[in-house]
Amino acid sequence: MGQLNTQVTCLKRKTKRSASHRRPAAPPRPEAADLRSQAEDLLRDLALVYHLTQRVKQSILK
């Protein structure tokens, strides 16, 4: 049991040490918001294309 406690303590120390050496989180980049809006636009366009494709498919099958 003593050995297990020693191992746990050692792991805690390593975790604390590695956490303190981590780089600070980078601030959000301004182009990230632009990329997000572009992705939303592309998804909207893709949904529209899919919807129109389904309508054309239904009209062909009738």
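The values are calculated or read from the model by the stated rules, or taken from the named source; none is laboratory data. Bear in mind that the values here come from a model prediction, so they are computed numbers and not experimental data. Note that we place each Cβ from the backbone using ideal geometry, even for glycine, and neighbour counts take in every protein chain shown.
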* To do: Go through (1) modelled with pLDDT under 75; (2) assigned to a helix (DSSP H, G or I) and name the single condition R44 misses.
  => (1)
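Table: residues versus (1) over 19 Å from the mean Cα position of the chain (by Cα); (2) surrounded by 10 or more Cβ atoms within 10 Å (Cβ to Cβ); (3) at pLDDT 95 or above; (4) part of a helix (DSSP H, G or I).
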residue: N5; (1), (2), (3), (4): yes, no, no, yes
residue: K12; (1), (2), (3), (4): yes, yes, no, yes
residue: R22; (1), (2), (3), (4): yes, no, no, no
residue: P28; (1), (2), (3), (4): no, no, no, no
